[in-house]
Each structure stands twice: as C-alpha cells, then as structure tokens.
Amino acid sequence: MRIVDIIEKKRDGGELTTAEIEWFIAGYTDGSIPDYQAAALIMAVFIRGMNRRETVDLTLAMARSGDQLDLHDVAPFVVDKHSSGGVGDKVSLVALPLVAACGAPVGKMSGRGLGSSGGTLDKMESITGWSPDLTLSEFKRQVAEIGLALAGQTADLAPADGKLYALRDVTGTVASMPLIAASIMSKKLAAGADGIVLDVKMGSGAFMSNLDQARELAKVMVNIGKDAGRRTTALISDMNQPLGYAVGNALEVKEAIETLQGGGSAALWQHAVEVAGHMLLQAGKAETLADAKALATAARDDGRAWEKFRQLVAAQGGAVAEVDDPARLPQAKLVEPILAPADGVIGAMDTAVIGWASVKLGAGRMVKGDKIDHAVGLIMPRKVGDRLQMGEPIGFIHANDADKLAQARDEILSAITWSDEAVEPLPHFYGVIE
Ligand code: URA
C-alpha cells in the first residue's frame, strides 16, 4: 500500500477499507509514515468524514496499536469516564476520587490539552513530580492497591492515539466526529474499563457546537462501547461557558481541591456528582442514580474522596505537600481583573475564544512540544444570566507576561455578548444516552 493513495482516496471522498485503516495506524505508530502525511490524511478525514464502519475500524486499530489491558485479575469491574473536551473541565479530578472512595475501582487513561480545551494530564502535572507514565504493571498494581490510577498514552497503551492527538492539537483537525470518537474510545478499550461514562460536551467551547452533533457523537461512542462488550453511558452536557470558575492547569487543580473539600463552585460539584453517580451505578454500587449520588456526596462530606485524591497524587510521585497547601502550587506573577465595560447581563460567551485566550497565556500548546506554563489561566466566576455593573470584575487573568495579559483581556471581552434583558442561566445537562 502507499500512503499517498490512501490520502488521495479520502481527499476525494472515498471510503477507506479496514486494511487501509489498519495499515495507516500501524505505519504511523511505528514511525514509517511521517507526521506530514498523517496530517494530510487526518485533514482529509476532517473534511470528508468517515462512515460508521470506518470509525469503528479506526477505533479498533488505535486501541490495538499497543497492549490491551485486562484488569480482571485485580478488580472484577473497573469504571472509567471521559470528556469530549471543554474549557475549565476538571470534572475528572473530582469525580474519580469520589468513585474510588465509594469502593468502585477506577483505571483511567487521560489526554493532554487539545485545541482550546484543557487536558487532565497537563492539569495534574502542575503538581511537582506527578507523572502519568505508568507501565502496565504499575497501572494494574495501583488500581489493586488504591483503587485509582490515571495514566497517559505510553508505548504500551494506545500509542497511536498519543501521536494522533498531539498532531490534531496543532493542525486544526480536532473537531471531527470520527477522530474524537476513535480517540476517546480507543483509550477506553485499551485501558480495560468494564464501564465507561462519556461526558459529551455541547456548545461554544466544545468540539460539537450543537445538540444534534453531540447526540450523534454520543451515539457512535456508546455503540462502539457496546460492540466491544463494555457498559457505556453518555451524558450530554453544556459547554456554553467555562465549567466551574478556573481555566488553566494549577488554577483548576486548586478548584478541584476546594470542591473535594466541600467548597468550590456549585456547578462543578453538580457536574462531578452526576458523573460519579453514573459511574457508581454502572459499578453496581447503588440501585438508583439518587442513591449513587448520595454515596458520592457522603464520600466528599466525610473526607474519603479528598484522601483518595491525596493517595492518587502520592502514588504517582506528586508532592502531597502542594495539594495540602495549594498556595505552594505554581502561581502567576501578574493577576489582574477583567472589568465589565457597562451595566448589563451576560447573554452568551464564546467559550472557545476564552479557552484559546488561556492557551495563548501559556496554559496550552500552540505547536507540538510547546512547554506548558502551569501557573497561568483565568478565573471566570461570572456566568450567563449574571447581571453586572460597569467596572465590576467579570473575572481575573493570571499571567506571567504583561503583553499576553493585555491580549487575553481584549479577547475575553470580545467573547462576551451583553444583554439588557434578563437571561436564563444555562442547564448543566441536556440528556443521557445508554
Ligand atoms: N478527548 C480525547 O481523548 N480525544 C479527543 O479527540 C477529544 C477529547
């Protein structure tokens, strides 16, 4: 086979065969197909799409690009969750310790920042020493010992997704239904979860900007999970404003810590407890969603979930002293408010623009291999429907460079639409697909 033929076939709207997809994934993983040809093919996929069969083939080829974990010797039923990507989405940092603290083992493979959306691994790496690089046996041992492990792609687990993910991040090829479905589900299948809760984001800060697209992505992923014999549930949730108040790595870790300790934003807690509830239901820890959420709430209230987070940090080499005293996490040199330009109600937010403003401050990558500045980002406590007076802070910018701070302020102000009328607050969730 020749990669140029495959690129041209997809460029012209053709349907790739199973063998072509498997050959491409094997060649890109072992390095015989270079980045520039892979980038051309994924751009063709982005523009032309893939049908259901091609999407399933891509997912399976990516899942099989490394080892596939079987965790049944350490836990009878392991649960996992994954978000389709959003701004300020630190739900995993709260939901996973809640679930593990309730006795349901969690083994998760997470990603890094992607386009305007942050990544769990980048956030956790704000903690000095914390590493997502677990070997398969370390991953298994940690699930057995503390009931919670958080790994990144390695040469062992779904390496094809690791490479493609980094390439998509910097080539404008993120918001593609088949590429997102294959990326998420290949990681989930490779990491051996029996139950998978998918948090499919919809809105101006999500890769799916409307409900129909989000439902379609959710259905495709739920079907892939079912075909592979995994219990799979998808929640469709709102991403028309940052989730919670922090955007940026160490700032989000701090918000997650506050939430695990009973504070933080109500929106983040409601989101995390809903996700945790569905994970606990899948694991058979409760009969109803209400009971499952009550279990998770009790694990927060009596400190077990917080203790589980500390164990996760310690088990993967992180400095527990920093999470015990979040003032020791990376801090930006400059912190300045963004002020409301006039009296009015926040009518809408272009959340991707807000996410990109944070990326450009240094919280994400503009080109492959860019170093992340864990300290920088935004605090955005004011939400759609809030009424502000002129000069009141909409939020705060944490920066290490005055020019970037000024640019972020302009971009955030341009991302907000003001209204003179009352505006309804946004819902958290739009539905569940099982
Ligand atoms: N999360 C992933 O792991 N992959 C995507 O493509 C989007 C979100």
Entirely in the stretch 160-268, the helices (runs of 4 or more DSSP H) that have 2 or more residues that are touching a strand residue (DSSP E or B) at 6+ places or on another chain (Cβ under 7 Å) and of a type in the set (Gly, Ala, Ser): 211-227
Hey, residue 230 basic (Lys, Arg) and closer than 28 Å to residue 325 by Cα or not: no
Residue among 312, 281 that is surrounded by 15 or more Cβ atoms within 10 Å (Cβ to Cβ) and within 22 Å of residue 126 (Cβ to Cβ): 312
Condition check for residue 35: within 25 Å of the chain's Cα centre (by Cα) and either outside the structural domain of residue 223 (by TED's automatic domain parsing) or within 16 Å of the ligand (Cβ to nearest atom) (or both): yes
Residue in the stretch 132-149 that is closer than 20 Å to residue 70 by Cβ, within 16 Å of the ligand (Cβ to nearest atom) and modelled with pLDDT under 95 present: no
Residue list for the stretch 11-31, filter: closer than 15 Å to residue 61 by Cβ and free of Cβ contacts under 8 Å to residues at least 60 places away in the same chain: 16, 17, 18, 19, 20, 21, 22, 23, 24, 26, 27, 30
Filter result for residue 155 (more than 13 Å from the ligand (Cβ to nearest atom), more than 18 Å from the chain's Cα centre (by Cα) and modelled with pLDDT under 95): yes
Near pairs, Cβ below 7 angstrom, 6+ apart or cross-chain, from the stretch 330-352 (more than 22 Å from residue 421 (Cβ to Cβ)) to any residue that is assigned to a loop (DSSP other than H, G, I, E, B) and among the polar types (S, T, N, Q): 330/126; 332/400; 333/400; 334/400; 352/116; 352/204
Conditions (1) at pLDDT below 95; (2) within 14 Å of the ligand (Cβ to nearest atom); (3) farther than 30 Å from residue 136 by Cα; number of the one not met by residue 214: (1)
Some residue of the stretch 199-206 being among the basic types (Lys, Arg), assigned by TED's automatic domain parsing to the domain that holds residue 280 and without any contact (Cβ under 8 Å) to a residue 60 or more places away in the chain: no
Qualifying positions in the stretch 110-124 - more than 10 Å from the ligand (Cβ to nearest atom) and either of a type in the set (Asp, Glu) or in contact with a Phe, Trp or Tyr (Cβ under 8 Å, 6 or more places away or on another chain) (or both): 116, 122, 124
Some residue of the stretch 145-155 being in a loop (DSSP other than H, G, I, E, B) and within 25 Å of residue 305 (Cα to Cα): yes
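The values are calculated or read from the model by the stated rules, or taken from the named source; none is laboratory data. Computed from a predicted model, the values in this text were never measured in an experiment. Every residue, glycine among them, receives a Cβ derived from its backbone with ideal geometry; neighbour counts consider all protein chains shown.
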